1. So if each residue of separation counts as 0.36 nm, and I subtract the Cα-Cα distance between residue 14 and residue 201, what length gain in nm does that give?
2. Using 1/(1 + (r/R0)^6) with R0 = 25 angstrom and r between the beta carbons of residue 315 and residue 284, what's the FRET efficiency to the nearest 0.05?
3. What FRET efficiency would be calculated for the residue pair residue 7, residue 106, taking the C-beta separation as r and a Förster radius of 22 Å, to the nearest 0.05?
4. By how many nm would the segment from residue 174 to residue 56 lengthen if fully extended, with 0.36 nm per residue of separation less the alpha-carbon distance?
5. Once you order the gyration tensor axes a ≥ b ≥ c over the Cα atoms, which shape class does the range 22-146 get: rounded for a/c under 1.5, otherwise prolate or oblate by comparing a/b with b/c?
6. Does the range 134-220 classify as rounded, prolate or oblate by the C-alpha gyration tensor (a ≥ b ≥ c root eigenvalues; a/c under 1.5 gives rounded; else a/b over b/c gives prolate, otherwise oblate)?
7. About the Cα centre of the range 1-157, how large is the charge dipole given +1 on each Lys and Arg Cβ and -1 on each Asp and Glu Cβ? Please answer in debye to the nearest 20.
8. Pull up the cross-link candidates among the aspartates and glutamates for residue 61, meaning alpha carbon to alpha carbon under 13 Å and not fewer than 8 places away within one chain.
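Derivation of every value follows stated rules applied to the coordinates shown; laboratory data play no part. Just so it is clear, the model here is predicted, and its values are computed rather than measured. Note that each Cβ is placed from the backbone with ideal geometry, even for glycine, and that neighbours are counted across all protein chains shown.
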Amino acid sequence: MTNSELEALFKDMESDRVERKPSVSDPNSIRQAICAFANDLPGHGKPGVIFIGVNDDGSCKGLQITDRLLRNLADMRDDGNIQPIPSLEVAKKVLCGCELAVVIVQPSIAPPVRLRGRTWIRVGPRRAIATPEEELRLAERRRARDIPFDIRTLSSATIHDLDLDLFRREYLPLAVAPEILEQNKRSIEDQLLVLRFLDNNGQPTVLSMMVLGQDPQRHIPCDYIQFLRIDGNILTDPIRDQKEINGTLVYLLRRLDEILEAHNSVASSLTTGTLEVKRPEYPMPALQQLTRNAVLHRTYEGTNAPVRIYWFSDRIEIHSPGGPFGQVSRENFGQPGVTDYRNPHLAEAMKVLVSNKKYFDNLSKNNLLILNSELRNNHEFFEFQAQSDYFTPKSCQVVFV
């Protein structure tokens with residue numbers, strides 16, 4: 001948005017596209033505003049703007065806009081509280097003589113957008129939690145040609161191919177706030193629709209099959225992990241162990257953790273006293289983040305290739321089908337702030353199912369630095385080899401050396 005457009009909104013006290021905040025003392029209300037503007041219930045098709053550093057009457061608060069404040073605002077996009085990930089810009093601006101932090105939120109192409117399981121909307125000058133009817137209106141805006149592959153329709157499946165008991169027992173209580181569920185009188189079909197597990201015609205989506213499917217691989221052939229433990233340094237060396245891991249998302253990730261733990265030998269040593277120190281071959285948090293990101297960020301379209309994990313004597317290779325996606329390219333891979341999501345709704349499901357969301361953060365430069373720091377404690381490091389953009393089954397490779 002241009003400065004003149006921002007100034008016009010800044011002066012307009014009646015606009016339902018504007019939220020004014022004197023400070024960032026209540027970050028949750030800022031997240032609510034981001035969620036509401038992303039949902040764009042009035043259907044403006046234009047961004048909503050949060051001005052921080054201004055009072056409700058439009059007078060300047062005199063807030064000091066620091067780099068730290070701007071970073072904290074930008075981090076609200078990726079901290080896992082708002083799903084699917086909203087599209088927003090954060091900038092420092094001087095408008096009408098007032099120094100401000102400006103958050104520009106684009107309307108989502110896949111509403112409803114939720115903050116910790118609640119759908120916030122804009123009703124005139126105020127925010128509110130969406131009613132069931134309003135959520136359905138938002139869901140109906142999704143159009144097949146605009147949506148990511150993870151919520152496209154699976155024409156080969158019906159609702160009978162989903163484990164509805166798993167949905168009621170495990171997923172729904174984690175995905176939706178308890179007080180909302182208490183008031184919820186919807187049918188199970190409507191609940192599945194709102195959470196993107198069914199399309200408007202009642203057909204299961206790719207996401208529903210991965211999370212709730214009774215036989216996911218039957219409908220999504222590439223939805224599995226191939227694990228090889230090789231007794232040597234090249235693929236032709238003897239295979240010590242091999243596994244094919246498949247099933248629903250939560251089972252697949254749990255089984256993967258068990259296999260990684262079983263193969264990750266632990267050495268014990270004594271310190272100068274009598275304290276025993278146990279040191280694994282590879283730090284499990286690093287292995288978990290890398291392998292789970294391979295499941296999350298891979299392409300499931302146009303390929304039958306699985307995620308492949310090759311555990312050699314001197315390294316681990318993780319091959320994830322699909323190259324850099326969206327605004328991420330081979331040239332800017334790993335640069336700070338350059339991220340994108342091929343499967344944003346799968347990311348939401350992972351956030352719901354796994355309590356420790358850090359394992360599903362994008363592998364941005366910050367994540368690389370954290371993981372490298374952890375690995376260097378074991379005198380190890382890792383490197384990434386990103387291929388160029390494509391949809392054919394190529395690989396991004398992560399290598400421990």
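1. Using 0.36 nm per residue and subtracting the Cα-Cα distance, I get 63.5 nm.
2. 0.90
3. Efficiency at R0 = 22 Å is approximately 0.65.
4. Additional length available on full extension: 38.9 nm.
5. prolate
6. In terms of gyration-tensor shape, oblate.
7. 280
8. The qualifying aspartates and glutamates are 99.
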